[in-house]
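Just below is one structure, and these are the notes that go with it.
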């Protein structure tokens, strides 16, 4: 991925105006445009060495296909282990899908006594559980049936990040790099191979983001409406997209941008209501989506505690430092000497944790993206900032004002924004290619260290 020129590539964004200077050697961010560009050895002490390393890679599109293949393989590896166990909140969503299908639930598990044919998990909209139920009916009440929707959604997230970046830059490698960084994040890995709702709503929400930057406002609203009927925090992403539409000037007038935002918001609401209403009538005891939405809101606000987080809980500001992680499932192996336990090591360890390399530079990268937007009006930088703030700020306000309990996996939608912002930072003109490779190596090492199966046997 180091084969691209060190300078940022330019493109006429789908949202509007030219956002960068021409590709190739460029002047520094704060140098007058008339000042001569530095020679190659100033911007990259060893350009030929890193170019040769980049030449070992295939082209960007083939590299993307290889990344997607590796992403798929890491999601399906040992999919049914350990022992067909439900991981973390799968106990709620898989069992809810079983009851929707009228299948029995073991006595000691959630929703064992819930009525058949109805969604007992009413704190969330029905669509996500129906996707699981449909997969389970097709492929069986087994790990493939439970987890196939998440595997597909995880792949969609990676592809959507690529398409989003590719829509706003002409550099062929920048979108591939951003998609690779996102694919290597541990939190996305884990949620792409377990049957929970978080990646199921993130995938259509990011599709909506791609459609927004490509100016398909109505279709973007369709995708966002689908995301809302999977899990209501998708509303935070919708607000971020509305901010992007309003803030990117391009060649549109303010009145035109207001019309575009109105079309996006209206189509999102109409699609969400059109889906939610019949699903509520068929699969819940609610007579209309408004009463169900009130229940979801009341339930969410009631999940609060003063005195700070306990056990698996975390505060939103802890997500910024990566100081907290959450064990989803751990299976230990004891090494024995007779009857004495010498050591205990995890054989299977599913952890909710952002990759250390990504979270370690995330704040700096988002700050850089903010500077890039203010200074250069780069719409890709604006998207990453608006998305990160739009996802994080509501949880911060809820935790501060109402002491709303939160968990690290709420930060999953931040991963695409972090991946894009870090990529923009590493693509800053004048920065040597070595940091790109170094950061990618750190992501690979973190991916291996957090991979849930500790051995390949």
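Answer rounded, prolate or oblate for the range 255-394, using the Cα gyration tensor with square roots of eigenvalues a ≥ b ≥ c: rounded when a/c is under 1.5, else prolate when a/b is larger than b/c, else oblate. Taking the square roots of the gyration eigenvalues as a ≥ b ≥ c, the range 255-394 is oblate. Per-residue packing, averaged as other Cβ atoms within 10 Å, sorts the ranges 80-92, 335-347, 172-184 into the order 172-184, 80-92, 335-347, beginning with the highest. Here the chain has an Rg and Dmax of 23.0, 78 Å, counting Cα atoms alone.
Each peptide in 154-164, 389-399 gets a packing score, the mean of other Cβ atoms within 10 Å over its residues, and the list from highest to lowest is 154-164, 389-399.
Calculate for the chain the 222 nm mean residue ellipticity that helices alone would give, adding -39,500 (n - 2.57) per DSSP H run of length 4 or more and normalising by residue count, nearest 500 deg cm²/dmol.
-18500 deg cm²/dmol
The distance from the alpha carbon centre of the range 200-239 to that of the range 149-178 is 15 Å, rounded to a whole number.
Per residue, how much space in cubic angstrom lies within the convex hull of the C-alpha atoms of the range 176-329?
Per-residue hull volume (Cα only) is 169 Å³.
Listed by Cβ neighbour count within 10 Å, with the fewest neighbours leading, 108, 252 appear as 108, 252. Centre-to-centre, using Cα atoms only, the range 265-295 and the range 352-387 are separated by 34 Å. Rounded to the nearest 10 degrees, the inclination of helix 217-228 to the longest alpha-carbon principal axis of the chain is 40 degrees. Under the classification rounded if a/c is under 1.5, otherwise prolate if a/b is larger than b/c and oblate if not, where does the range 331-457 fall, given a ≥ b ≥ c as square roots of the Cα gyration tensor eigenvalues? Oblate.
Pop out the Kirkwood hydrodynamic radius of the range 156-236 from its pairwise C-alpha distances, inverse of mean 1/r, in Å to one decimal. Each step should come with its number before you reach the end.
Details: mean 1/r = 0.0767 Å⁻¹.
One over the average 1/r among Cα pairs gives 13.0 Å for the range 156-236.
No lab work stands behind these numbers, since they all come straight from the coordinates. All of these numbers come straight from a predicted model, not from anything done at the bench. Ideal geometry is used to build each Cβ from the backbone, glycine not excepted, and the neighbour counts take in all protein chains shown.
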